[in-house]
Each structure stands twice: as C-alpha cells, then as structure tokens.
C-alpha cells in the first residue's frame, strides 16, 4: 500500500521545500522564544522536522527516478545512514532527539553516542529579590514574594544545549547547520 502525501493529510505540506520552510520557521521561533517551555517546544519541533525531512527527501529521490542511477543508496535506511554519517553529522542529534520524543526517551543502540539536552536557565527558589542597575546608574530591585520559582531570562538565557560526551552544542547552532545541509542537498538534487 502506497502512502499518500496529500496536502489534506499533512496540513498542506506537500514537498521537501515545504518541510524545509517549516524547519526554518521553527528555528526562527526558537531564537525568539520568551519562555523556556517555548524554546523546548520549538527545539523539539525543529529536531523532529529536520529528521523527517530525510524521509521526504528519500521519497522525492525515488519519485524523481534518481535512485538507481549511480547512487549508493539501495534503500531508505542506507540513505539515512549516509545522511547522518557523511552528509550532515548534526542530523544524528536530530534523529536521536526525534526518536527520544517519539519513544518516551532514548535507549541507545551500540553505535549511538550518549547525549543530553539541558538549558542555562535554572529556576531559583522564591521568594526572591532581584537587583540591578538601570541605564541611569540607579539601583533598582523587584521582589517576588509569592514563593514561586524565579527565572532569569534577560540576555540569552533561553538557550537549549545538546551535550555529547565533553562536547556541548548550542541547539540553535546545530539546527542552522542542519538547515544549511538540507538547503544544499535539495538544491543539488533539484528537489522542490
């Protein structure tokens, strides 16, 4: 049975170009997230979308008759292995993040690396008094007497990191590399 990519079954997405544009929108939303939860939502959506683009690209290559014309990919598994090992190693993170999300966590295979996702934003227990100096040099303070956690979100505090062993990658930078790979790949093989 052949799977349909009818726009009625995919919220109007019908091509690799549509999926790449969705990935780019998620990356833009990640960069402008106002809460840690928003950043987590967009990082998760970006990882899932980036990984699923491998399925859309494989289907487009098959539909376009490219497979079998000197390519070393006999099936989708071989293609996805090439994508994550030679094409764009950052997609390994997206694959594991997408599968972790789908399967309620990640049970690593023999060839997987250990990874983790964390953020710079650590809640501080309330109540709290936050003090700073304004642009006129005046001391200013704000009290949170409610006993709720206090999140310090000024500057670039809403960043998610992917940690692999002793390496730490800023998630948004990882996704930028993935977008650049997919943009180049789709252009190279004239996939719209």
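What to note about this one:
- Single residue of 85, 49 found to be over 15 Å from residue 162 (Cα atoms), in a helix (DSSP H, G or I), at pLDDT 90 or above and in contact with a helix residue (DSSP H, G or I) (Cβ under 7 Å, 6 or more places away or on another chain): 49
- When residues of the range 135-192 are limited to those that are touching a strand residue (DSSP E or B) at 6+ places or on another chain (Cβ under 7 Å) and assigned to a helix (DSSP H, G or I), the one modelled with the lowest pLDDT: 171
- Of 39, 74, 33, 98, all but one fail to be buried (at least 19 other Cβ atoms within 10 Å of the Cβ), part of a loop (DSSP other than H, G, I, E, B) and modelled with pLDDT under 90; the exception is 33.
The values are calculated or read from the model by the stated rules, or taken from the named source; none is laboratory data. Predicted model, so just to flag it, every value in this text is computed and none were measured. Methodologically, a virtual Cβ is constructed for each residue, glycine included, from the backbone with ideal geometry; neighbour enumeration extends over all protein chains shown.
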